[in-house]
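Please read the structure below before turning to the comments.
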Amino acid sequence: IALHASTQMTTNDLASVQYLERAGFDRVVLSREVSLEEIEHITANSNVEIETFVHGALCVCYSGRCLMSSLIGERSGNRGRCAQPCRLKYSFMKDEHCLEEGYLLSPKDLMTLPLLPEIIRAGVHSVKIEGRMKSPEYVAAVTKAYRKYIDQYYENENDNFEIDLQDEKDVAQVFNRGGEFTNGYYTTYSHKDMMSKFPRSTGVYVGVVKKYSEKFSKCDIELTEELVPGDGIEVWTQKEPHTGTNISKHAAAQTTITITLIGDVQEGDKVFKSFDKRLSDKLKASYVQDTRKIQIEGTFRAKRNETLYLKLKVGAIEAEGSGGVVSEAMNKPLSLDDFKAKFEKTGNTPFTVRYADCFVDEGAYIAISEINNLRRTVVAELTEKLVKSYKREAIAFQADLHKQPVAPSGISKQLTVSVSSAAQFDAVAACASVKRIYVEFPHYKQIDIAKAQKDGIQVFVALPRILREHDRKHFDNELAYLETTEIDGYLLRNLETIETKKEIALDYTIHAFHAYALKFLQEMGSTVTLSPELNMMEINALADSRSEVLVYGKLPLMTTALCPIGLYDGKKTNKRFCTLKNNVKDGQYHLRDRKGVHFPVMPKCDFCYAEILNASPIFMLHKLDQIINAGYLRVSFTDESPTEAYDILYAFEKSLNSDIYDETVRQVTEAAEKNGFTYGHFFRGVL
């Protein structure tokens, strides 16, 4: 069976594609952030099919790396259940100063009809239309448009490739955010023009308010487009919510209509057609009757004083039946053509029948209901046999992968730590119980590796969460240098292999959700960090001595190329890097939601992306004894001060040794209760 690697696997460079190719995948769906230039490089140097998104909703986060809906709303985007908290309003803050506010995490929808020739020439094998939670009319309109222009490209060999304005309008009418589209990342690394001013679909622009009487609720609208009865319009008022109404009379373009409308309407407000009755009816008609049919062979026999017989066949699969006795007609006999007409009525079934070698006695008659019943019975039997013919025998799974022991296993737990700065490294290295420190790339250059190793600490370099083709040369050079150092290993965040004799640990971004994934990943690395979306029962059923579990830290809710710091403070153009590259020092950046919750923003300037952290850390200080089988417990530091990092780690050391009455444990607990913390999914799971 063919294997396609989802965009949820965050595949955005050649090395990851080549890894998946070696692993047996036939097709890879690239991250939406990948450019045309990167796609060309990937297709030229791999043999696997490449699929890319060309239309629909754009996530602000790299797919597969979003935990915002999961941790805030308990609905996981990684499991296709995203609640879309990113489509809400946010304020972007530097300390207490607001730099920007609006729908800052809500990109416009992707539309690439004009780019199709370049996408095809880049070597893309298949294009994907995002249609989650969309209407059938949306699917019909968008699929029709992309099919039309892909065919046009091949039929005309790219000569005179031009998009009809009406097709663009139809696609915009069925869904767009804020009245505009974006061509995404194909030609732009990131830019604030990609962000929408409004998160819902707005339809197309049809006019402007010329006059409004609040007293009589009368609104004069000057139209640029025709309106028909059944259309819906929405007036974009200065304040939300916007107001709108349905149209009851025909109105021509370039005319002015007067309607009754209640709301905070002002002269100059733009008017959009939110529902197009004529287009909707046209699209419904295009898909209500499925015209794709399977040609089957049929024969029937209608002999007087015998039961009516019908046989249908497709390939080697047959179904037959009989029902009702054929009699001699008293008045009007049924001819061969009469029987064919009734037996050919396959309705909404997927079949069309060609009858041959049929026989009907002269003067034969049978009730029409008997013919219909027999046809329905035999068609149903043929359908069932046809479906069953595609089913395979189930393969017996290996029993050892199904269940893991839940009882205490006596595994000795070790504390690992991840740090985001050299200062944090120095602080946690002073804690006696630390067995391994993951230091974020490239801060390893500022640490004393030899001293830490002398104290019995393994030093691992945590590789970037996102690695793009632009970064490969720089990264490979850094990796070559690291191979000459005394570091013990690497924390890998992406599905790829690196040439090394050092130890490899795998981070939770590679998604170890179940025993099959864990067994596969343990062939890549010495330890595997389990997904933070697992609950305690799942962790204890899955974990073993080589498993790692995150027990403290502000999880990155999003990893985004649309870095808010670059967009709203760094004068970011559509190219990589902003004016603040590697110089984001003064002040703390965070996003503030409508409830006043602050989400820290951590820039990763070397690789031009940002991480949006959860407001509250996972804090399992007093629950460590419930994590039974994991060999490693990780404490992760992001924006904590060195002093905070040391105290928190010291408290976890004491708790691991059941010394929960230590003064530092008490102080760390009180601070967590005051500032807020979360148990993540340990005790609640996720949809």
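Let me know the charge dipole size of the chain about its Cα centre in debye, to the nearest 20, where only the beta-carbon of Lys, Arg (+1) and Asp, Glu (-1) is charged. Working shown, then result.
Values: 86 positive and 95 negative charges, 287 e Å.
For this selection, approximately 1380 debye.
Please list, in chain and number order, the residues 5+ apart from R304 or on another chain whose amide H is under 5 Å from its amide H, with Hs placed from the backbone.
D361
In square angstrom, rounded to the nearest 10, how much accessible surface does H443 have for a 1.4 Å probe?
So the heavy atoms of H443 present about 50 Å² to solvent.
Whole-Hz Karplus ³J(HN,Hα) for the stretch 632-647, in order, using 6.51 cos²θ - 1.76 cosθ + 1.60 and θ = phi - 60°, x for Gly and Pro?
Residue by residue, the stretch 632-647 yields 9, 10, 9, 10, 10, 10, 10, 9, 6, 6, x, 5, 4, 4, 4, 4 Hz.
Longer than 24 Å from Cα to Cα, which of K435/K502; K108/K128; K128/K270 are they? Say none if no pair is. Working shown, then result.
Details: K435/K502 16 Å; K108/K128 17 Å; K128/K270 33 Å.
From K435/K502; K108/K128; K128/K270, over 24 Å: K128/K270.
Show me 350-360, 37-47 ranked by packing, highest mean number of other Cβ atoms within 10 Å first. Please report the intermediate quantities before stating the final value.
Numbers: 350-360: 14.5, 37-47: 16.5.
Descending packing order for the listed peptides: 37-47, 350-360.
Looking at the stretch 547-672, send over the antiparallel percent of its DSSP beta bridges, to the nearest 5. Each step should come with its number before you reach the end.
Working: 13 of 17 bridges.
Rounded to the nearest five, the antiparallel share is 75 percent.
Run the 1.4 Å probe and let me know the accessible area of K581, rounded to the nearest 10 Å².
Approximately 90 Å² for this residue.
On average, how much accessible surface per residue is there in the stretch 513-626, in Å², for a 1.4 Å probe, leaving out ligands, DNA and RNA?
On the way: 4350 Å² over 114 residues.
So the stretch 513-626 comes to 38 Å² accessible per residue, rounded to a whole number.
Leaving ligands and nucleic acids out of the surface, order M111, M620, M537 by accessible area at 1.4 Å, largest first. List each step's numbers first, then the result.
Values: M111 25, M620 0, M537 145 Å².
Of M111, M620, M537, the descending order of accessible area is M537, M111, M620.
From the phi angles alone, apply the Karplus equation (6.51, -1.76, 1.60; θ = phi - 60°) to the stretch 210-222 and give each ³J(HN,Hα) in whole Hz, x where the residue is Gly or Pro.
Once θ is set to phi - 60°, the couplings for the stretch 210-222 become 9, 7, 9, 9, 5, 4, 9, 6, 9, 10, 9, 10, 8 Hz.
Under the definition of Cα pairs under 8 Å and six or more residues apart, what whole-number percent is the relative contact order of the chain? Show your work: numbers first, answer last.
On the way: 1367 pairs, mean separation 86.7, N = 687.
Here the relative contact order equals 13 percent.
State the cysteines of the chain left without a partner when partners are defined as other cysteines whose beta carbon lies under 4.7 Å away.
Isolated Cys, the chain: C59, C82, C86, C98, C219, C358, C431, C563, C578, C605, C608.
Can you give me the Cα centroid spacing of the stretch 190-246 and the stretch 550-611 in angstrom?
That distance is 34 Å.
About the Cα centre, and with charges only on the beta carbon of Lys, Arg (+1) and Asp, Glu (-1), how big is the dipole of the stretch 19-163? Nearest 20 debye, please. Provide the component values of the computation, followed by the final result.
Working: 18 positive and 22 negative charges, 166 e Å.
With only Lys, Arg, Asp and Glu charged at Cβ, the dipole is about 800 debye.
For a quick check of understanding: with a 1.4 angstrom probe and all protein chains in place, what accessible area in square angstrom does Y309 have, to the nearest ten?
Looks like 50 Å² after rounding.
Checking the table K454/K604; K197/K273; K197/K249; K144/K169; K94/K445; K134/K282 against a 20 Å threshold on Cα-Cα, which pairs fail?
Details: K454/K604 30 Å; K197/K273 17 Å; K197/K249 31 Å; K144/K169 13 Å; K94/K445 28 Å; K134/K282 17 Å.
Over 20 Å apart, Cα to Cα: K454/K604; K197/K249; K94/K445.
Summing +1 for each Lys or Arg and -1 for each Asp or Glu, what net charge is found among the other residues whose Cβ lies under 15 Å from the Cβ of G73? Don't skip to the end; give the middle numbers.
Values: positive: R75, R79, R81, R87, R594, K595, R684; negative: E74, E533, D593.
Within the 15 Å Cβ shell, the charges total +4.
Under a Cβ-Cβ cut-off of 13 Å, what is the net charge of the residues other than Y62 that fall near it, where Lys and Arg count +1 and Asp and Glu count -1?
On the way: positive: R32, R65, R465, R468, R493, K604; negative: D13, E33, E611.
That sum, taken over residues with Cβ under 13 Å, equals +3.
Over the stretch 1-101, what relative contact order in percent results from Cα pairs under 8 Å that are six or more residues apart?
About 22 percent, as a whole number.
Considering the options L463, I498, F520, tell which one lies farthest towards the positive end of the dipole of the stretch 463-537, charges being +1 on Lys and Arg and -1 on Asp and Glu at the Cβ, about the Cα centre.
The residue sitting most towards the positive pole is F520.
To the nearest 10 degrees, how steep is helix 165-174 against the longest Cα principal axis of the chain, on a 0 to 90 scale?
Roughly 70 degrees between the two axes.
Applying the Karplus parametrisation 6.51 cos²θ - 1.76 cosθ + 1.60 with θ = phi - 60° to the phi angles of the stretch 263-278, what ³J(HN,Hα) value in whole Hz is obtained for each residue in order, glycine and proline being reported as x?
Result, ordered by residue: x, 8, 8, 9, 4, x, 5, 6, 10, 10, 7, 7, 9, 10, 4, 5 Hz.
My understanding is that a pair violates if its Cα-Cα distance is over 30 Å; which of K519/K623; K501/K654; K575/K674 do that in this structure? Don't skip to the end; give the middle numbers.
Numbers: K519/K623 27 Å; K501/K654 35 Å; K575/K674 42 Å.
In this structure, K501/K654; K575/K674 exceed 30 Å between Cα atoms.
At 222 nm, what value in deg cm²/dmol follows for the chain if DSSP H runs of at least 4 each add -39500 (n - 2.57) and the sum is divided by all its residues, to the nearest 500?
-7500 deg cm²/dmol
Probe radius 1.4 Å, ligands and nucleic acids ignored: give me the carbon and sulfur share of the accessible area of the chain as a rounded percent.
Details: 16220 of 33040 Å².
With neighbouring chains kept in place, the figure for the chain is 49 percent.
Just to confirm a number: summing +1 for Lys and Arg and -1 for Asp and Glu over residues other than L110 whose beta-carbon lies under 9 angstrom from that of L110, what do you get?
On the way: positive: R32, K108; negative: D109, E130.
Once all neighbours under 9 Å are counted, the net charge is 0.
If you count the DSSP beta bridges with both ends in the chain, what percent of them are antiparallel, to the nearest 5? Can you show the working numbers first?
Working: 66 of 115 bridges.
Approximately 55 percent, going by the DSSP bridge assignments.
So how do K134, K451 rank on accessible area, 1.4 Å probe, biggest first, that is with the largest at the start? Mind showing how you got there, number by number?
On the way: K134 40, K451 120 Å².
Heavy-atom accessible area, descending, gives K451, K134.
What aspartates and glutamates sit close enough to K239 to cross-link, taking a C-alpha to C-alpha distance under 12 Å and skipping anything fewer than 8 places away on the same chain?
D264, D269
Where a Cα-Cα gap under 23 Å defines reach, which lysines qualify for K332, not counting those fewer than 8 residues away within the same chain?
K303, K340, K342, K345
Where the centre of each part is set by its Cα atoms, how far does the stretch 313-386 sit from the stretch 406-467, in angstrom?
Here the answer is 76 Å between Cα centres.
Arrange the residues E49, E523, E673, E440 by how much accessible surface each exposes, largest first, with a 1.4 angstrom probe. Write down the numbers at each step before the final one.
On the way: E49 65, E523 145, E673 125, E440 20 Å².
Largest accessible area first, the list is E523, E673, E49, E440.
The values are calculated or read from the model by the stated rules, or taken from the named source; none is laboratory data. The structure displayed is predicted, hence computed values, not measured ones. In this analysis, Cβ positions are derived from the backbone assuming ideal geometry, glycine residues included, and neighbour counts consider all displayed protein chains. The area values use the complete protein model at the heavy-atom level, side chains included, leaving out ligands, DNA and RNA. Shrake-Rupley method; radii C 1.70, N 1.55, O 1.52, S 1.80 Å.
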